[in-house]
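Throughout, read-outs are computed from the coordinates displayed, never taken from laboratory work. Worth saying up front: this structure is predicted, and the values here are computed from it rather than measured. Backbone-built Cβ (ideal geometry, glycine too); neighbour counts: all protein chains shown.
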Amino acid sequence: MSGLPPGFFDASAPPPDEPDVREELREARQRQATSDLERAMDRIQGLVATYEEQLEEEGLDEGTITLLEEVTGAPDAPLEFKSLNRRVSEGRLTWTDFWRRPQAEAGGLRLLRAVTNLQIERMAQIPREKPPEQD
């Protein structure tokens with residue numbers, strides 16, 4: 001304490017440290033980025049919950065099931081895929097259960113990637129309708 005009454009400045013004292021504006025801006029950007037990321041994660045969690053509810057109510061769509069059966073039933077399919085196909089055929093597993101947790105099955109993520117890539121490839125082959133021309 002300088003012994004001065006409150007509100008008075010000691011002119012012989014060194015000047016107060018200047019705030020580092022760049023550091024304050026960096027911290028503000030970090031706080032904003034963290035906030036943006038948290039909002040995005042909340043949105044993703046909401047979308048995943050909605051998808052899981054829909055999957056629970058409706059099951060896996062027939063198109064995806066057909067692709068799963070096609071890929072896993074192919075004569076040249078890897079052994080892991082054939083094993084999944086056999087277990088589904090025997091009723092020990094459903095394609096919906098597999099789709100919920102593909103990582104729980106040997107080769108499951110590989111199969112998920114193969115089916116997803118096949119879906120994308122086939123969707124790209126669908127001719128797009130051109131919008132009607134305006135007069």
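What are the chymotrypsin sites (Phe, Trp or Tyr not before Pro) within the stretch 1-62 that DSSP puts in a loop, where the Cβ has at most 15 other Cβ atoms within 10 Å? It would help to have the intermediate numbers written out before the result.
On the way: sites: F8, F9, Y51; in loops: F8, F9.
The qualifying sites are F8, F9.
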ask   = Of the trypsin sites (Lys or Arg not before Pro) in the stretch 58-107, which ones lie in a loop per DSSP and count no more than 14 other C-beta atoms within 10 Å?
value = R92
Correct option for Rg/Rh (Cα atoms, Kirkwood Rh) [calculated from the coordinates] among (i) 1.43; (ii) 1.05; (iii) 0.99 = (i)
E129 paired with V48, simple spin-label distance in nm, labels 7 Å along Cα-to-beta-carbon = 3.6
ask   = What number, rounded to the nearest 500 deg cm²/dmol, is the helix-based mean residue ellipticity at 222 nm of the chain, given -39500 (n - 2.57) per DSSP H run of at least four residues and division by all its residues?
value = -21000 deg cm²/dmol
message = Apply the Karplus curve 6.51 cos²θ - 1.76 cosθ + 1.60, θ = phi - 60°, to the phi angles in the stretch 87-99 and return the couplings in whole Hz, x for Gly and Pro.
response = 5, 5, 4, 7, x, 8, 8, 10, 5, 5, 4, 4, 5
key: Contact order relative to length of the stretch 62-125, as percent, for alpha carbon pairs under 8 angstrom and 6 or more apart   = 33
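Using a 10 angstrom Cβ neighbour count of at most 11 plus a DSSP loop assignment to flag exposed GluC sites (Glu not before Pro), which longest range of the chain is free of such sites?
Values: sites that count: E90, E129, E133.
Longest site-free region, per DSSP loop and neighbour criteria: 1-89.
Length gain on complete extension for the stretch D17 to E62, per 0.36 nm per residue less the alpha carbon to alpha carbon distance? If you can, show how the numbers build up before the last one.
On the way: separation 45, 0.36 × 45 = 16.20 nm, distance 6.80 nm.
Gain on extension, D17 to E62, equals 9.4 nm.
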ask   = So what is the relative contact order for the chain, in percent, with contacts set as C-alpha pairs under 8 Å and at least six apart?
value = 17
